[in-house]
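This report refers to the structure that appears directly beneath it.
None of the figures in this text is laboratory data; all of them are computed from the coordinates on show. Source: prediction; values computed, not measured. FYI the Cβ positions are ideal-geometry reconstructions off the backbone, even for glycines, and counts take in every protein chain you see.
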Amino acid sequence: MNRYHLMHVTEFHYDAPVSDSYNEVRLRPLHDERQSCLSFRLTTNPASRITSYRDATGNWVHQFNVLAEHRRLRVEAESVVLTHEAPPTGNGESLVEFDAHREEFLEEHYDYLGGTAYVPHLPVLLDLVTAAELACDGSVGDFAQTATNLIHERFHYVQGATHVHSSIADSLSHGAGVCQDFAHVLLGIVRMRGIPGRYVSGYLVSGAADTENAKQEEVIGGQASHAWVEVLVPGIGWMGFDPTLGEPVELRHIRVAYGRDYGDVAPVRGVYRGRAGQRLCVDVRVRPVLDDDGHEKIGETPMAIVPPTSVAERPQQQQQQ
């Protein structure tokens with residue numbers, strides 16, 4: 001069953017009244033040839049008027065303001081998504097062939113080649129670039145998969161090892177991080193090799209309970225958005241790679257937004273006016289729409305408190321009165 005119900009709930013709790021809260025979210029799943037967003041509903045409490053637009057990359061952006069005083073803000077996004085076409089596979093042309101014409105990519109895909117705040121071009125990445133190139137079969141696609149494998153093998157998944165503003169320098173230093181960090185490291189490797197790569201935010205539907213990665217998938221997919229990378233492989237197109245799992249992207253990866261890095265596609269961001277501190281609570285649930293009896297499974301889910309060091313979502317910025 002490739003039809004899924006998604007519930008993404010974010011709550012901000014303030015220890016004193018706040019006002020003038022301005023927010024934008026990227027929570028509506030993509031609708032294209034590989035997946036269909038069959039329904040989407042966004043609600044806020046306190047209630048607000050919600051507007052939407054498509055950004056330069058084609059992601060849906062929803063904006064809303066809460067001007068009156070409030071001590072709690074709940075943002076709830078509910079979707080039904082059908083994944084109906086497997087991601088492309090193959091290794092494409094060789095690295096030697098690619099190098100002969102890679103200058104052609106600079107103008108059209110510069111945003112996915114240049115360094116960013118989260119993915120700076122660091123000399124230390126060159127060791128990983130070399131290791132991936134020596135271990136791969138010489139093709140662009142296998143270079144990306146080999147780099148994916150290296151990250152999966154050399155880095156440890158540790159909640160709290162990095163924070164919301166961490167660049168790849170932190171995860172490279174600690175040898176640890178979460179899915180966002182691993183996606184950033186993979187982007188750094190492929191971009192420094194001259195291959196366009198883009199950050200993908202979305203959700204991971206956990207596999208069968210008896211699979212090798214089942215427990216890890218439950219951790220990374222249970223309370224927050226997931227992240228991976230798409231690499232432009234000449235002759236094939238944009239191919240997905242998940243360095244957290246060390247595997248190619250499958251139908252159970254539900255895409256929400258593309259960007260240069262996490263900063264382009266943060267699920268929820270905003271500012272508020274007041275001197276109050278805040279506590280962020282996030283809960284994400286992804287499950288098949290139909291149960292064993294053929295009935296839709298839609299209902300409320302419990303909230304999970306995200307540790308302060310989590311990079312699942314960023315807190316709102318505070319504007320002092």
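The three principal axes of the C-alpha atoms in region 95-264 carry coordinate ranges of 45, 30, 29 Å, sorted with the longest axis first. Each of Glu85, Glu107 was scored by other Cβ atoms within 10 Å of its Cβ. Arranged with the fewest first, they read Glu107, Glu85. Based on DSSP H segments of at least four residues, each scored -39500 (n - 2.57), the chain has a per-residue ellipticity at 222 nm of -6500 deg cm²/dmol. The trypsin sites (Lys or Arg not before Pro) found in region 236-292 that occupy coil by DSSP, while having at most 14 further C-beta atoms within 10 Å, are Arg275.
Charges were assigned to the Cβ only: +1 to each Lys and Arg, -1 to each Asp and Glu. The resulting dipole of the chain about its Cα centre is roughly 1440 debye. A Förster distance of 35 Å, applied to the separation of the beta-carbon atoms of Leu67 and Ala169, puts the FRET efficiency at 0.35. Nearest 5 percent is fine: what portion of the DSSP beta bridges confined to the chain is antiparallel? The antiparallel fraction comes to roughly 95 percent.
The distance between label points at Val124 and Arg275 comes to 4.1 nm (points 7 Å beyond Cα on the Cα→Cβ vector).
Think of the chain as a dipole: +1 on every Lys or Arg Cβ, -1 on every Asp or Glu Cβ, centred on the Cα centre; then among Pro243, Asn23, Ala176, Asn23 lies furthest on the positive end. Counting residues in region 1-119 as N, plug N into 2.2 N^0.38 Å and put the Cα Rg over that result. Compactness ratio reported: 1.49.
Share of antiparallel DSSP beta bridges in region 95-264, in percent to the nearest 5? For region 95-264, the DSSP antiparallel bridge percentage is about 90.
Across the options Gly197, Pro88, Leu6, the greatest Cα extent toward the positive end of the charge dipole of the chain (unit charges at beta carbon of Lys, Arg, Asp, Glu) belongs to Leu6.
The angle separating the long axis of helix 179-192 from the principal Cα axis of greatest extent in the chain is about 40 degrees. The length gained on full extension between Val158 and Leu82, counted as 0.36 nm times the residue separation minus their Cα-Cα distance, comes to 24.2 nm. In loop segments of region 45-76 as defined by DSSP, the trypsin sites (Lys or Arg not before Pro) with at most 16 further C-beta atoms inside 10 Å of their C-beta are Arg49.
How far is helix 140-154 tilted, in degrees, relative to the longest principal axis of the Cα atoms in the chain, given as a value from 0 to 90 rounded to the nearest 10? The answer is roughly 60 degrees. Among Ala117, His163, Val229, flag the residue with its Cα farthest along the positive direction of the charge dipole of region 95-264, charges on Cβ as +1 for Lys/Arg and -1 for Asp/Glu. Positive-end residue among those listed: His163. Computed from the C-beta positions of Ser19 and Asp99 and an R0 of 56 Å, the FRET efficiency is 0.50 to the nearest 0.05. Between Arg74 and His109, full extension at 0.36 nm per residue minus the direct alpha carbon distance yields a gain of 8.9 nm. Sorting the segments 33-40, 233-240 by their residues' average number of neighbouring beta-carbon atoms within 10 angstrom, most packed first, yields 233-240, 33-40.
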